[in-house]
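The values are calculated or read from the model by the stated rules, or taken from the named source; none is laboratory data. Because the structure is predicted, anything quoted here is derived from the model rather than measured. Positions of Cβ are backbone-derived with ideal geometry, glycine not excepted, and every protein chain shown enters the neighbour counts. The accessibility values were calculated without ligands, DNA or RNA, using every heavy atom of the protein model including side chains. Shrake-Rupley method; radii C 1.70, N 1.55, O 1.52, S 1.80 Å.
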Amino acid sequence: MTVFETQNLTRFYGVRCPRCLEKTGAAAGTNICPDCGTVVALNNVNLRVPKGEILGVIGESGSGKTTLLRYLYGVDFGATGSALYRNPSGEMIELGELDPAQRRRLRDREFGIVFQNPHQGLNFRISAGGNIAERVLVSGERNYGNIRERATLLLDRTGVPTRRMDESPAGFSGGMQQRVQIARALATEPCVLFLDEVTTSLDLSVQAKILDLILELHQRTRLSILLVTHDIGVARMLASHCIVMRYGQVVETGLMDQILEDPQHAYTQELIGASL
Amino acid sequence: MTDTFTQDASFNDGETSEASRQYSYGLMDEAAKKEIRRACLRAVAIPGYQVPFASREMPIARGFGTGGLQITLSIIGPGDTLKVIDQGSDDSVNAVSLRSLIEKVCPGANTTEDSDEATIVQTRHRIPETILGEHQVLVFQVPYPDILGGVEMNEERRVQLHGETDYAKLYVALYEDVVRNGRITSGAGYPVEVNRHYAMTPSPIPRWDVPRLSMSHNLNLFGAGREKKIFAVPPYTEVTPIQFSDQRFSVESFLDRNGERIACARCGSTGSFLDEIYLSDGATTFMCSDTEYCRKNAEIVSPVPSGAVEFRSPIPL
Amino acid sequence: MSATILEVRNLKKRFTLHETQTSFDAFDNVSLTVRAGSFTGLVGASGAGKSSILKCIYRRYLPSGGNCWFHTTDGEIVDLVTASDQRTLELRRKEIRFVSQFLHTLPRQSARKAVAEPLIQSEITPEDALNQATATLERIGLPQRLWDLPPATFSGGERQLVNMARALIVRPRLLLLDEPTASLDPASTRKMVEEIARLKAEGVALLGVFHDPELMDALAEEKIHVGGGVTWEKA
């Protein structure tokens with residue numbers, strides 16, 4: 001079972017010309033079309049995100065991994081090709097056919113996201129609890145007591161001291177801010193969690209604790225996770241499946257340990273070689 | 001709603017007195033008034049939706065009621081009777097100035113202080129205590145037309161939130177209020193939902209007036225001149241305050257220390273919105289914020305109680 | 001004769017290193033059969049590709065050719081060479097386990113959690129998984145004082161016991177052993193051998209490599225010679 005299946009997903013930024021696709025990609029060594037200057041952020045991406053698993057998307061900056069995440073999460077709309085999403089009741093939904101309000105509903109109710117930068121995912125002008133309340137509210141809950149209880153539970157589960165729930169996350173440490181983001185993402189019991197470089201800006205010891213938290217949550221909830229990272233160590237620890245992207249293309253897919261031990265593509269071999 | 005009128009068109013003697021100038025009826029040209037009326041129609045058709053309009057320069061500064069003024073000037077005609085209030089008072093500077101301006105540029109329109117007589121009531125921050133009827137229009141002067149302005153800085157994003165009726169952020173503000181203060185403290189301009197769809201600011205009216213906006217007999221038009229927006233609550237339209245099921249919206253209670261409803265020091269009313277008035281000796285007392293209602297009520301109910309100050313404008317008008 | 005669990009036919013693995021533009025065959029044309037309740041041993045010189053065969057079956061390496069027919073508990077026959085990633089993962093979690101000489105666990109996880117982890121992946125409650133982990137650790141003989149400590153602090157032998165427990169907790173149908181006793185002292189080795197004998201008795205199919213020929217003789221019903229060494233060629 002898959003939660004996402006894409007076919008020839010392509011995303012241009014620029015004027016685009018007929019030869020953009022063939023003149024960019026991993027083999028061409030660029031994602032900028034030499035003829036017209038268009039950036040091909042995604043170049044015929046075909047992938048399957050397995051249900052209940054953690055899929056690591058690895059690649060360097062500019063490989064298209066964040067664009068992919070943004071499109072599947074539903075904050076970017078301009079891609080061509082097909083991206084099917086299987087909702088909790090098993091229906092396959094073509095993301096490209098949804099209007100912005102429907103995409104938002106998916107984001108609000110069925111997806112959760114954690115960004116590298118807490119400023120992107122949290123509102124620092126309101127309390128940590130308020131940040132979680134916002135997500136609980138979109139699911140239609142209108143009882144203050146219930147919202148508060150839910151926020152307390154989520155913060156507790158993600159290791160944020162609940163006595164600090166009425167403080168702004170601005171005063172929290174980086175690791176704690178990521179925990180609040182995770183609590184917020186989980187508020188509506190999503191079935192897909194998008195993690196965008198969640199540990200990149202953290203100290204190593206804090207990084208480890210956040211990874212532990214994600215793993216524990218995954219083991220408990222079995223939600224599907226799309227993990228975007230350039231850190232192979234993070235992917236190795238969390239992911240069971242892996243795709244490797246370069247210049248907008250998927251150059252390799254496989255089980256995480258197989259990619260690590262027997263990478264096939266020249267770029268993956270280079271990447272793994274460099275990381276060890 | 002008439003054509004251009006001329007007030008003594010004598011230009012030949014070189015005089016440049018006010019009276020000698022030629023004005024359109026209601027100060028604005030017909031096209032401008034038509035555009036505003038069309039905006040009002042759109043606003044009525046989509047209750048709570050903020051219709052953009054080309055706000056004109058007015059002879060008063062923006063922020064002093066230009067939005068309400070433009071609506072009034074666009075809908076008024078000879079035979080209409082206008083009442084202008086500011087925070088419930090017919091006598092405040094702003095109300096008096098606006099009233100005399102409109103009188104000057106709208107010949108044939110009468111003015112009044114009596115809410116029952118008026119066909120158009122222009123107001124700043126209050127709804128008259130007297131219940132208005134179907135033949136009356138209430139025009140609000142609005143400083144900030146977008147209720148989401150306080151929770152979302154980016155206007156493009158706000159338009160999107162309205163479009164998707166995504167009002168979680170308003171509830172979050174309410175949540176934060178309860179977290180900090182133990183209850184909802186939001187006072188003037190309490191967020192409401194109109195016709196179970198758009199969230200709207202009722203303009204900075206007190207909470208007291210919010211329930212009176214719902215299912216009103218009269219048409220309510222809201223004009224924000226500086227922000228160039230018009231919106232409306234048509235007659236018999238549901239207006240519900242945004243609230244939690246266990247933290248409800250409530251109007252000001254005006255209870256004294258013993259839990260008794262404070263009465264107006266002048267007319268004795270216990271069913272109106274009260275202003276706290278400072279007396280010359282530093283003590284305070286409560287009186288109706290709606291001066292016309294209070295006066296009427298005092299005439300009917302009782303004489304002026306001794307010790308209360310007379311309501312007088314500090315500036316001779 | 002007991003039931004066939006795994007049939008490997010003409011399995012081949014060729015590595016290509018893009019950076020140096022070379023490829024070499026780790027092994028070629030390997031065929032073997034593993035049956036329930038028996039141990040098939042791989043023997044051959046160091047570098048002959050014994051470990052690579054195990055890894056190809058487990059899909060830690062991507063096979064370059066041939067077939068690995070695996071007979072599942074449900075009677076299905078799956079070719080491990082071409083099975084989807086997800087199917088492979090499911091089989092790894094439920095039926096095929098791999099014990100190498102290295103223990104890969106999360107750095108801060110307790111032994112008990114590390115052992116329970118494969119079960120948590122397969123839809124039982126974390127509490128049940130922990131209980132079963134306790135039972136497995138008990139069976140395999142890891143001292144109780146170590147159960148709640150991270151294996152990173154253990155001796156080589158203790159770690160191998162955890163490694164074995166992780167493989168056994170799901171009651172595998174096929175167990176792949178890649179020199180699990182390589183770094184063990186004689187006592188630990190004896191414990192490991194006892195465990196393997198017990199698994200055989202329980203009907204588990206085993207395929208593995210032991211560097212100690214005596215052990216191999218004692219355990220293996222059948223021995224497959226992997227040979228020829230590595231043939232290098234310019235790509």
Chain C: angle of helix C:111-120 to the longest principal axis, Cα-based, in degrees nearest 10: 60 degrees
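Within 10 Å of each Cβ in peptide B:172-180, how many partner chain Cβ atoms are there on average? Round it to a whole number, please.
Numbers: counts 13, 3, 4, 13, 7, 0, 3, 10, 2.
If you average over the peptide's residues, the count of other-chain Cβ atoms is 6.
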B:ALA61 versus C:ARG87: modelled label distance in nm, points set 7 Å from Cα along the beta carbon direction: 7.8 nm
Inter-probe distance in nm under a simple model that places probes 7 Å from Cα toward Cβ, at A:ARG142 and A:ASP203: 4.6 nm
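Provide the net charge surrounding C:LYS223, with neighbours chosen by a C-beta distance below 12 Å and charges set as Lys +1, Arg +1, Asp -1, Glu -1. Write out the running numbers ahead of the final one.
Details: positive: C:LYS50; negative: C:ASP217, C:GLU221, C:GLU222.
For residues surrounding C:LYS223, the net value is -2.
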Principal-axis tilt of helix A:100-109 within chain A, Cα atoms, nearest 10 degrees: 50 degrees
Electrostatic dipole magnitude of segment A:18-81 [Cβ: Lys, Arg +1; Asp, Glu -1; Cα centre; debye, to 20]: 120 debye
Square roots of 5 times each gyration tensor eigenvalue, C-alpha, segment A:1-84, largest first, Å: 24, 13, 11
Restraint check, B:LYS104/B:LYS228; A:LYS51/C:LYS50; B:LYS83/B:LYS169; C:LYS55/C:LYS191; C:LYS55/C:LYS200; C:LYS94/C:LYS200, Cα-Cα greater than 29 Å: A:LYS51/C:LYS50; B:LYS83/B:LYS169
Karplus (6.51, -1.76, 1.60) ³J(HN,Hα), θ = phi - 60°, over segment A:203-209, in Hz, Gly and Pro reported as x: 4, 4, 5, 5, 3, 4, 5
Cα-based radius of gyration of segment A:40-123 once divided by 2.2 N^0.38 Å, which approximates compact folds: 1.12
Stokes-Einstein D (µm²/s) once Rh is taken as the Kirkwood radius of segment B:255-299 over alpha-carbon pairs, at 20 °C in 1.002 mPa s: 198 µm²/s
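Can you tell me which of B:142-150, A:204-212 comes out highest on packing, and rank the rest after it, using the mean Cβ neighbours within 10 Å? Write down the numbers at each step before the final one.
Numbers: B:142-150: 20.4, A:204-212: 16.3.
Put in order of decreasing packing, that is B:142-150, A:204-212.
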Cut-off 15 Å, label 7 Å out along Cα→Cβ of C:GLN144, residues of segment C:108-137 by amide N: C:134-137
Of B:TYR23, B:PHE53, A:LEU217, farthest towards positive along the dipole that unit charges on Lys, Arg, Asp, Glu beta carbons give the protein assembly as shown: A:LEU217
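Taking every residue in A:136-146, how many Cβ atoms of other protein chains lie within 10 Å of its Cβ, on average? Spell out each step's value before the answer.
Values: counts 4, 10, 5, 1, 1, 3, 7, 4, 12, 4, 3.
The per-residue average across the peptide is 5.
If you wrap a convex hull around the alpha carbons of segment A:171-276, what volume per residue comes out, as a whole number of Å³?
Details: hull volume 12.2 nm³, N = 106.
So the per-residue Cα hull volume is 115 Å³.
I'd like the projected area of segment A:111-189, averaged over all directions, using the convex hull of its alpha carbons. Report it in nm² with one decimal. Spell out each step's value before the answer.
Details: hull surface 18.2 nm².
One quarter of the hull surface, i.e. the mean projection, equals 4.6 nm².
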16 Å Cα-Cα reach of B:LYS229 towards aspartates and glutamates, excluding residues that sit fewer than 8 places from it in its own chain: B:GLU35, B:GLU57, B:ASP146, B:GLU155, B:GLU156
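Starting from the Cα gyration tensor of chain A, multiply each eigenvalue by 5, take the square root, and state the resulting semi-axes largest first in whole Å. Could the numbers behind the result be given before it?
On the way: eigenvalues 210, 92, 57 Å².
The three semi-axes for chain A are 32, 21, 17 Å.
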Student exercise, the protein assembly as shown dipole from Lys, Arg, Asp, Glu Cβ charges, in Debye to nearest 20: 1980 debye
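How long are the three semi-axes of the equivalent ellipsoid of segment C:110-235, in whole Å, if each is the root of 5 times an eigenvalue of the C-alpha gyration tensor, listed from largest down? Don't skip to the end; give the middle numbers.
Working: eigenvalues 163, 59, 51 Å².
Over the Cα atoms of segment C:110-235, the semi-axes work out to 29, 17, 16 Å.
For Cα pairs less than 8 Å apart in space and 6+ apart in sequence, what is the mean separation divided by the residue count of chain B, i.e. the relative contact order in percent? Walk me through the intermediate numbers first.
Details: 633 pairs, mean separation 58.6, N = 317.
Relative contact order here is 18 percent.
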Cleavage-rule hits, GluC sites (Glu not before Pro), segment C:58-116, DSSP coil, Cβ neighbours within 10 Å at most 11: C:GLU76
Neighbour cut-off at most 16 other Cβ (10 Å), DSSP loop, trypsin sites (Lys or Arg not before Pro), segment B:103-185: B:ARG183
Share of carbon and sulfur in the accessible heavy-atom surface of segment B:255-299 [1.4 Å probe, %]: 45 percent
Chain C: angle of helix C:186-201 to the longest principal axis, Cα-based, in degrees nearest 10: 80 degrees
Near-label residues of segment B:61-85 by backbone N, under 16 Å of a point 7 Å along Cα→Cβ of B:THR130: B:80-85
Nearest-0.05 FRET efficiency for A:ASP231 and A:LYS51, computed from C-beta distance (R0 22 Å): 0.35
Residue-wise HN-Hα coupling along segment B:267-274, computed from phi with Karplus coefficients 6.51, -1.76, 1.60 (Hz; x: Gly, Pro): 9, x, 5, 10, x, 10, 6, 10
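Taking N as the number of residues in the protein assembly as shown, what is its alpha-carbon radius of gyration divided by 2.2 N^0.38 Å? Please report the intermediate quantities before stating the final value.
On the way: Rg = 38.1 Å, N = 828, 2.2 N^0.38 = 28.3 Å.
Taking N as the residue count of the protein assembly as shown, the ratio is 1.35.
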Unit charges on C-beta of K, R, D, E only; dipole of chain B, Debye: 680 debye
Label-to-label distance, nm, for residues given as B:ALA45 and C:ASN10 (7 Å Cα→Cβ offset): 7.5 nm
Orientation-averaged projected area, Cα convex hull of chain B (nm²): 19.3 nm²
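Is the C-alpha gyration tensor of segment A:96-241 telling us rounded, prolate or oblate? Criteria: a/c under 1.5 is rounded; beyond that, a/b larger than b/c is prolate, otherwise oblate. Present the calculation step by step, with values, prior to reporting the outcome.
On the way: a/c = 1.66, a/b = 1.14, b/c = 1.46.
Oblate is the answer for segment A:96-241, as a/c is 1.5 or above yet b/c matches or exceeds a/b.
Per residue of A:250-256, count partner chain C-beta atoms within 10 Å of its C-beta, then hand back the mean as an integer. Write out the running numbers ahead of the final one.
Details: counts 0, 0, 0, 1, 4, 9, 2.
Whole-number average of other-chain Cβ neighbours for A:250-256 is 2.
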Sites B:GLU164 and B:GLU252 - FRET efficiency at Förster radius 30 Å, r taken between beta-carbons, to 0.05: 0.35
Per residue Cα convex hull volume in Å³ - calculated over segment B:180-220: 88 Å³
Computed helical MRE - 222 nm, chain B, DSSP H runs ≥ 4 contributing -39500 (n - 2.57), nearest 500: -7500 deg cm²/dmol
Solvent-accessible area, 1.4 Å probe, carbon plus sulfur percent, for chain C: 49 percent
